[in-house]
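Step one of this worksheet: look at the structure below.
The values are calculated or read from the model by the stated rules, or taken from the named source; none is laboratory data. Model, not experiment: these values are computed from the prediction. As a convention, Cβ positions derive from the backbone with ideal geometry for all residues, glycine included, and neighbour counts pool all protein chains shown.
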Ligand code: 8IG
């Protein structure tokens, strides 16, 4: 069932509750510990997370859609990590530019929360707005600029975002991947890329990378009570910073080139951040 009913639009949380129940029925897994959304370039980065327990077609679950972007999968997978925790991998992200509305964009995050996830890992492909970063490089997101002028929240719901990309999880990520640089991610609505002037503007605003996802999902995750950890793969330099024009093919190519490093990186970060035997503070 993929149609948005009027009731679902009015009650997006009920929509997510429904999706979570369907996932429980289809997979036999009742509770998850964490969830990972796979973005551009991260397509097969889930393979090292552990033992694949279940895989279902996202389009058969309420509120999810088949991935609209080439290079994204349409699957929902549940892995059992070596620590015995369960991780839901969302291979089908809905982007704001698809026009299905903001509730569709954050539905995966809200469903993960309903399944019990305490930690949301968001991954994406992004363009660098500074030449200090290079294509092929993973980047730990330290903070964001939500330049969509939208929020997934409605009403007088004043959620604090001071430590949105939790410093505890960033410390853990850097401890397992000491080379990981940190940066600020700016989300624009897309689907067009920036002009060179906009890339210069983003740099002057304090952004390091720019993309078309993640910030709205991070806000929804925090609102749902989850800790957030986000990783970009720099797939290209922003418009005007590289000699060539931007195209989606180079995004896919950067993903393929980085495939060997992203999977183990993601697995190390997820394992360290969700290890139940490690003391939490
Ligand atoms: I991958 O350069 C990827 N996604 N807005 N700009 C924007 N989104 C992106 C880019 C980019 N690269």
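When 128, 112, 142, 117 are checked against the criterion of being over 24 Å from residue 88 (Cβ atoms), touching a strand residue (DSSP E or B) at 6+ places or on another chain (Cβ under 6 Å) and more than 14 Å from the ligand (Cβ to nearest atom), a single residue qualifies: 142.
If you go through region 20-47 and keep only what is touching a helix residue (DSSP H, G or I) at 6+ places or on another chain (Cβ under 6 Å), assigned to a loop (DSSP other than H, G, I, E, B) and at pLDDT 95 or above, you end up with 30, 33. The condition (being in contact with a helix residue (DSSP H, G or I) (Cβ under 6 Å, 6 or more places away or on another chain) and without any contact (Cβ under 8 Å) to a residue 40 or more places away in the chain) is satisfied by just one residue among 94, 85, 111, 162: 94. When restricted to residues that are buried (at least 21 other Cβ atoms within 10 Å of the Cβ) and either near the ligand (Cβ under 9 Å from one of its atoms) or part of a helix (DSSP H, G or I) (or both), region 179-190 contains 3. The set of residues in region 226-267 that are within 16 Å of the ligand (Cβ to nearest atom), assigned to a helix (DSSP H, G or I) and in contact with a strand residue (DSSP E or B) (Cβ under 7 Å, 6 or more places away or on another chain) comprises 250, 251, 254, 255, 258, 262.
Report yes if residue 270 is near the ligand (Cβ under 10 Å from one of its atoms), part of a helix (DSSP H, G or I) and either surrounded by fewer than 18 Cβ atoms within 10 Å (Cβ to Cβ) or within 20 Å of the chain's Cα centre (by Cα) (or both), otherwise no. So residue 270 fails the test. Beta carbons closer than 6 Å, at least 6 apart along the sequence or on distinct chains, pair a first residue in region 166-189 that is at pLDDT 95 or above with a second that is loosely packed, with under 13 Cβ neighbours inside 10 Å for 184/206. For residue 104, are the conditions met, namely being under 12 Å from the mean Cα position of the chain (by Cα), away from the ligand (no atom under 16 Å from the Cβ), within 20 Å of residue 215 (Cβ to Cβ) and at pLDDT below 95? It is false that residue 104 is under 12 Å from the mean Cα position of the chain (by Cα), away from the ligand (no atom under 16 Å from the Cβ), within 20 Å of residue 215 (Cβ to Cβ) and at pLDDT below 95. Checked against (1) touching a residue at least 12 places away in the same chain (Cβ under 8 Å); (2) within 24 Å of residue 164 (Cβ to Cβ), residue 204 passes all but condition (1). Note on region 191-223: residues that are part of a loop (DSSP other than H, G, I, E, B), touching a strand residue (DSSP E or B) at 6+ places or on another chain (Cβ under 8 Å) and surrounded by fewer than 22 Cβ atoms within 10 Å (Cβ to Cβ) total 4. Taking every residue in region 116-138 that is more than 24 Å from residue 270 (Cβ to Cβ) and part of a strand (DSSP E or B) and pairing it with any residue that is at pLDDT 95 or above and away from the ligand (no atom under 11 Å from the Cβ), at least 6 positions away or on another chain, the pairs with Cβ-Cβ distances below 7 Å are 128/208.
Looking only at residues of region 75-98 that are assigned to a strand (DSSP E or B) and surrounded by fewer than 20 Cβ atoms within 10 Å (Cβ to Cβ), we find that the one that is nearest to the chain's Cα centre (by Cα) is 75.
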